[in-house]
1. Please determine whether any residue of the stretch 36-45 is buried (at least 22 other Cβ atoms within 10 Å of the Cβ), out of contact with any Pro (no Cβ under 8 Å at 6 or more places or on another chain), under 12 Å from residue 14 (Cα atoms) and β-branched (Val, Ile, Thr).
2. Looking at the stretch 46-63, which of its residues are of a type outside the set (Gly, Ala, Ser) and open to solvent by 40 Å² or more (accessible area, probe 1.4 Å)?
3. Would you point out which residue out of 389, 404 is among the hydroxyl-bearing types (Ser, Thr, Tyr), open to solvent by 10 Å² or more (accessible area, probe 1.4 Å) and under 21 Å from the mean Cα position of the chain (by Cα)?
4. Any residue at all in the stretch 92-109 that is at pLDDT below 95, open to solvent by less than 10 Å² (accessible area, probe 1.4 Å) and among the acidic types (Asp, Glu)?
5. Working only within the stretch 53-104, note down all residues that are within 18 Å of residue 156 (Cα to Cα) and in contact with a Leu (Cβ under 7 Å, 6 or more places away or on another chain).
6. Give the number of residues within the stretch 253-275 that are in contact with a His (Cβ under 8 Å, 6 or more places away or on another chain) and open to solvent by less than 80 Å² (accessible area, probe 1.4 Å).
7. Can you name the residue in the stretch 290-314 that is open to solvent by 10 Å² or more (accessible area, probe 1.4 Å) and away from the ligand (no atom under 16 Å from the Cβ) and, of all such residues, is nearest to the chain's Cα centre (by Cα)?
8. How about the stretch 452-482: which of its residues are charged (D, E, K, R) and modelled with pLDDT of 95 or more?
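The values are calculated or read from the model by the stated rules, or taken from the named source; none is laboratory data. Owing to the predicted nature of the structure, the values given are computational and were not obtained by experimental measurement. Positions of Cβ are backbone-derived with ideal geometry, glycine not excepted, and every protein chain shown enters the neighbour counts. Side chains included, ligands, DNA and RNA excluded: accessible areas come from the protein's heavy atoms. Shrake-Rupley method; radii C 1.70, N 1.55, O 1.52, S 1.80 Å.
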Amino acid sequence: MCGIVGYTGSAQAAPVLLDGLRRLEYRGYDSAGVVVQTGDELKMVKASGSVAHLAELTGGGRSLEGVCGLAHTRWATHGAPTDTNAHPHLSEHGLFAVVHNGIIENFAALRSEQEAEGIVFRSETDTEVVAHLLEKYYDGDLKRAVMRTASRLEGSYVLGVVCSKEPGKLFCVKEAGPLILGLGVGENYFASDVTALVARTKNVIYMDDGELAELTAERVTVYDRTGREITKTVSHVVWDIEAAEKGGYEHFMLKEIMEQPRAVKSTIDLRIRGGRIAFEDFSLTPEELKGFDKIVITACGSAYHAGVVGKYVIEALCRVSVEVELASELRYRDPIIDGHTLLIVVSQSGETADTIAAMRECMARGAKCLAIVNVVGSTIARLADNVIYTHAGPEIAVATTKGYTTQLAALYLFAVWCAERLGRLDEARYAELVDSLRALPSLVQRAIDLNLHARYLAERWHGQKSLFFIGRNIDYAAAMEGSLKLKEISYIHSEAYAAGELKHGTIALIDEKRLVVALCCQERLFDKMVSNIQEVKARGAKVLGLAIEGNRRIFAEADDVLYAPRGEQLFAALPEIVPLQLFAYYVARENGCDIDKPRNLAKSVTVE
Ligand code: G6P
């Protein structure tokens, strides 16, 4: 879950590396480091803290001469985020520097072996063993040293390697975790994500597991696990660097909330042609679709919450049983999954380690896999049988907003498409649902416009120590995401509860002045929610109600109100999350939190 960048060319490397690193900070931001090769030396600066701090230490990189180097921003796994544990790590005699994303699972055994050989370790990381192995195996042939080193490693890793004796040359290796090569003119790059490269080149190669690449200023060569040169496809990135900049907003999160109408529109419009949902690229035949006896959705974090919404919508429309399971649980069960299971995997990054493992487990049991993914060319997109890309564009804030809402849009598209194919919808209802899908972008815009007062509500409620989100049915699914949004960026304890379940224990925690956010957008259940609101008010709680625009009864029940615009009830989770995103954002802002980079988190979780 760290970010790595490599550069070789004729420009001064460190400023280029730091610029790339800055764009990868969402992957980890507890420490950072940079190394450049100059003459036959490696010059390194690394420190705990942010990339901005590293830039201060190096004058924006200008104090480090050299045209070839590596950089790293860390999310600590092995060893605290200290200066010494920051990457890069040097080999014993300083011949090699290594940056690493992932976990070397057999590092303890390798470390004992190396300590027995007399090597004194400088850090507590799993990565340092890699630098020492490289030095041990180097006999003048860098590629061979890299391959021999990789053959000793178990676990998941992406490595960047530079050697003081090989001017202008870099190696990178991928074994799980994202790695992209950038092809420039007289300069080449690698990075964990295209966002680090797109300011300098749009021509990229997506590396696969088991591959390694050798980069010089003039040439990029990719090899397979056996060292055989292979030809890779060069892809062209379609978005501009502005998409990964703040564009005048105070935080990426706010910018990304505001981008949702456009992102949802792109996701939906690209799949509707002539009034019909088009998945002509799917390999699923109508017979296969009819042959599935259940659907299993798996994901992590907010993507899992999107899956919970998906269950309600798919079951309602398709009348097929849907299970939703956290990928970290599914991967270690013995699930009942076979060729009659359709697996839906949801992931913004397409690189989440638990999601990939669960997906592999289910596919090995015969499940067909449909992936809903944002990042083009990511591991999950490439492993799946079929892909629905969300078109959120790059999402930089660690707390997902447009990533989540575009996942909902993709799940809705699939649900309506599948229901029609299964013969569950008459033409009139199908046309109505397609119209409702097309209306979603303007409903999201309306949800933004209706709730600009969220900042004033945040001023009133930001001092809460703990709160509850309650809802029923799809509102309960949305409550899970609303609650996570608040807690992850404001550090206020928050829990989502099915409104009817609160009285079975958790109501014991309700006391005077505790805020309960009551989601009341499923109108057929509004009266039930009113009863739940009264239960908590009777115990002294204050209530922030979220209701459909035009609902006046909510004023009688709630202390404050947020609104969701009126639209198809089955799709309500999408517009109704917007006021909760805004509320979470403004509460975190009131509390002075680092909104785009909340403590302890990382956006792309490529370790277990
Ligand atoms: C991290 C992010 C979450 C995200 C989850 C799953 O925890 O902070 O925002 O929902 O990973 O990520 P994915 O890329 O698979 O959607």
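1. Checked against the condition, which is being buried (at least 22 other Cβ atoms within 10 Å of the Cβ), out of contact with any Pro (no Cβ under 8 Å at 6 or more places or on another chain), under 12 Å from residue 14 (Cα atoms) and β-branched (Val, Ile, Thr), the stretch 36-45 yields at least one hit.
2. 46, 53, 56, 57, 62
3. The conditions single out 389.
4. So far as the stretch 92-109 goes, no, none of its residues is at pLDDT below 95, open to solvent by less than 10 Å² (accessible area, probe 1.4 Å) and among the acidic types (Asp, Glu).
5. 73, 88, 98, 99, 100, 104
6. Selection size over the stretch 253-275: 3.
7. Ranking the candidates gives 311 first.
8. The answer is 472, 475, 481.
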